[in-house]
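This report refers to the structure that appears directly beneath it.
What follows draws every value from the coordinates through simple rules; no lab data is involved. Quick caveat, the model's predicted, so the values are computed rather than measured. Heads up, the Cβs are rebuilt from the backbone with ideal geometry, glycines too, and the neighbour counts pull from every protein chain shown.
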Amino acid sequence: MAKKQNLYKEYGIATQAVHTGTGYDEETGAVRRPLHMANSYKLPDDLSKVNYSSTDLLMYSRNGNPNQHWLEEKIAALHDADDAIVLASGVAALHALFWTLLKSGDRVIYPKVSYMAVYRLFHELFNKKFGVETVMVDMTDIDAVKKAITKGTRLVHIETPDNPTNGVTDIEEVVKIAHENGALVSVDNTFASPYNQKPLSYGADFVVESLTKFINGHGDAQGGAIISNALETMDRIRYEAQVNVGSVISPFNAWQIFRGSVSFPLRMKRINDSALQIATWLEQRENVTFVSYPGLESNKGHNLAKRQMKNGFGGVISFGVRADDKAVERLCANLKVVTFAVSLGHDESLIFPQPSYDERINLYPEKFRNGFIRFSVGLEEPEDIIADLDQAFRSIGL
Ligand SMILES: *Cc1c(COP(=O)(O)O)cnc(C)c1O
């Protein structure tokens, strides 16, 4: 596909979020583009030139649909990128990238702390099913990355800040080490979002975003994106993973995420501010054992995050309380403003405990192994969130 146009390139991110990919409906003059749920599109009279695995011609909705394409324009613009592919979920995007780039005998380096599906794909599936050599590394330790890299490494995948511990990895340093050894770099940017961090500007080759989180931001549609300037590889991903594996996004979800993304910069600004305020409060609260939030000066990754994250530190706070698994569950269940549910980046604040019996608990730094909670800050008044946390702490005697 051709490079995506960004007619608003010289404007700020909020203007781009409102205007890129938006347009008049040519048939009616409506100021919103319509939702096209059609599966098929009228074929040209001469079929001899039609390539049924192509994504250039609108032909069948798995090969691409207009709502997907308009959202792709916007996501590429948010990352100052030449191209974006929008797929059914963040995990579909991660899988599409790995599936297209890797083959048997390749070596991939992936983070010790990462989104669960990355762990499953590399710890259990790509290695055992396809003979890919998968090496787990603590990416927050640059010396460990240097030690793990070899000339034959195909891909270094990182996640920063990481889910669920909020560890910060130096994108520029990893890119330098990887490129010196002929490896590509992909960055899962879901926690930071493009409002705060644009990994392509530090030399990364691919970015993955779960659109389900901050970019849609309303907890009502699932989607994922791969963002890159490598146009040829992006077309291979479309062909190999979208058309032939079927990970395309539904037009309805693309339409919904398109609408949610309009207010994304505004929401993210608010979320950055509230999260810093809540993290600062938590750090001073008795019976809180640690607070991992890159915006706090006390955090190990703070100076790096200050350099790498331009507008703020995101909306997820990882913290610990002096309580066992059962008490932590009660704390979460006793919240009234905050919702006890998985996911993050919604309009409502979300809380999710990471119990000490979690199968990956020993991969996390020591202090995260007891009373660990992941908290996603929403759009409510920060004072109301703080008061709610305080009453829930008290309800279990903290
Ligand atoms: C949620 C999440 C994903 C997966 O996104 P889905 O849309 O749920 O498939 C990937 N990476 C990170 C860091 C996430 O938080």
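A few comments on the model shown:
- Mean sequence separation of contacting Cα pairs (under 8 Å, at least six apart), scaled by the length of segment 13-261, corresponds to a relative contact order of 25 percent.
- Segment 264-395, relative contact order in percent, only Cα pairs under 8 angstrom and at least six apart counted: 27
- Pairs with C-alpha atoms separated by more than 18 Å, drawn from the list Lys112/Lys147; Lys112/Lys367; Lys74/Lys213; Lys147/Lys176; Lys300/Lys326, are Lys300/Lys326.
- Comparing Cα centroids, segment 107-176 and segment 277-294 end up 28 angstrom apart.
- GNM result for the chain, Cα springs below 10 Å: residue of Gln284, Gln16, Gln222 fluctuating most strongly: Gln284
- Cα-based convex hull volume of the chain per residue, rounded to whole Å³: 142
- Residue among Glu159, Glu72, Glu27 with the largest mean-square fluctuation in a Gaussian network model of the chain, springs linking Cα atoms under 10 Å: Glu27
- Cα centroid separation, segment 32-46 to segment 198-227 (Å): 26
- A Förster radius of 35 Å, combined with the Cβ-Cβ distance separating Asp143 from Asp384, puts the computed FRET efficiency at roughly 0.20.
- Relative to the Cα centre, the charge distribution of the chain, modelled as +1 at Lys and Arg Cβ and -1 at Asp and Glu Cβ, gives a dipole magnitude of about 500 debye.
- Straightening the chain between Ser343 and Asn244 buys 32.8 nm, computed as 0.36 nm per residue apart minus the Cα-Cα spacing.
- In segment 1-115, Cα pairs under 8 Å separated by at least six residues give a relative contact order of 26 percent.
- Here's the picture: charge each Lys and Arg Cβ at +1 and each Asp and Glu Cβ at -1 in the chain, and of Tyr60, Asn127, Thr233 the one pushed furthest to the positive end of that dipole is Asn127.
- Only beta bridges with both residues in segment 146-302 are counted; by DSSP, about 35 percent of them are antiparallel.
- In segment 62-108, inverting the average of 1/r over every pair of distinct C-alpha atoms gives 12.1 Å as the Kirkwood radius.
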